[in-house]
Amino acid sequence: MKDIREFNHRIELAVNRLNKQREFLKRATDKPEILFDKASTMFTRKDDIFSIMNVYEDGQRKMNVHDLQAFLCSIINNFFRSELKDERITIKVRDRLRYPSIFAVYYDDNEFLQFDIFERYYGKRMMKTVEEIEEHYKRQADQKHKELEIVKEKISDMLAAKDNPIKYIINYHKNRKTKIYKKWFYGSKELVLYVFQWGKMSKLVGKALDKYAQQLEEIEARYKKYDNLEFDLKNLRIKEDLISKVEPIFIKYNYRLETENHKLY
């Protein structure tokens with residue numbers, strides 16, 4: 001069985017580590033760069049300093065680990081502001097309702113970089129190249145063309161019916177190899193069915209043409225809504241400019257570039 005000396009030793013180790021971390025945070029509030037540079041040597045996400053921040057008193061939450069996480073982020077934000085001299089670039093906890101969460105760099109409200117001060121990496125989550133963006137819109141244009149051609153073929157079919165209804169009806173049944181077509185060529189009395197369909201043809205064709213015209217408009221409107229090629233290329237250039245402005249800080253402090261997207265969430 002363990003004795004009291006062993007338990008005291010573990011407690012002293014924990015207290016000493018907490019004291020060192022407390023002093024480190026005091027210094028970091030005055031010199032924010034040391035948190036960005038040394039957090040990985042002073043903290044792990046499983047440290048007691050995080051768990052003891054979950055405080056309940058009188059049945060109410062007084063403090064939680066998210067508060068400490070947000071505080072660390074505010075120190076890092078001060079560091080970036082002093083380095084970049086640009087108040088539109090800010091650092092925020094990427095998921096403020098989650099612990100642990102990585103931090104992210106924002107320009108106004110637009111996120112463009114993610115990083116982790118404990119594991120010392122940064123990355124560009126899901127950032128496409130110019131070629132990938134252009135290929136995406138090419139595929140989109142091809143799909144739009146296919147959809148339009150299908151509807152246009154239907155319109156052409158209806159216009160043929162409008163110009164020569166009886167021929168359209170005969171061809172329709174011929175192509176389907178219906179009993180009506182077979183009886184037609186054997187002099188059947190089924191001709192009356194053609195006459196009946198012919199009488200309804202103009203009304204049916206008119207409705208069909210209206211429907212297909214509406215479908216063309218809907219296809220055009222749907223693809224126009226997502227036709228943002230110029231915007232996406234411009235947005236990419238802006239992000240690239242911002243990254244070129246911020247990335248030297250990560251390089252200076254030897255943060256590694258992370259390419260695994262799942263770590264950048």
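Counting only residues that are modelled with pLDDT of 90 or more, surrounded by 15 or more Cβ atoms within 10 Å (Cβ to Cβ) and over 24 Å from the mean Cα position of the chain (by Cα), how many does segment 137-168 have?
3
So in segment 48-104, with the set limited to residues that are within 24 Å of ASP37 (Cβ to Cβ) and hydroxyl-bearing (Ser, Thr, Tyr), which one is surrounded by the most Cβ atoms within 10 Å (Cβ to Cβ)?
SER101
Residues of segment 1-36 being closer than 17 Å to PHE71 by Cα and assigned to a loop (DSSP other than H, G, I, E, B), which ones?
Selection gives LYS31, PRO32.
For LYS207, are the conditions met, namely being part of a helix (DSSP H, G or I) and either over 21 Å from GLU134 (Cβ atoms) or of a type in the set (Gly, Ala, Ser) (or both)?
The answer is yes for LYS207.
Whether any residue in segment 22-35 is of a type outside the set (Asp, Glu) and under 19 Å from PRO100 (Cα atoms) is what I want to check.
Yes - at least one qualifying residue is present in segment 22-35.
Quick one: is THR44 touching a Phe, Trp or Tyr at 6+ places or on another chain (Cβ under 8 Å) and either acidic (Asp, Glu) or open to solvent by 60 Å² or more (accessible area, probe 1.4 Å) (or both)?
So THR44 passes the test.
Kindly list, by first and then second residue, each pair from a residue in segment 110-136 that is β-branched (Val, Ile, Thr) and surrounded by 13 or more Cβ atoms within 10 Å (Cβ to Cβ) to a residue that is assigned to a strand (DSSP E or B) and modelled with pLDDT of 90 or more, limited to pairs with Cβ atoms under 7 Å and residues at least 6 apart or on different chains.
Hits for this filter: ILE117/PHE103.
The values are calculated or read from the model by the stated rules, or taken from the named source; none is laboratory data. In this text the structure is predicted, and so the values were computed from the model without any measurement. Cβ atoms come from the backbone with ideal geometry, glycine included; neighbour counts cover every protein chain shown. With ligands, DNA and RNA removed, areas are computed over all heavy atoms of the protein, side chains included. Shrake-Rupley method; radii C 1.70, N 1.55, O 1.52, S 1.80 Å.
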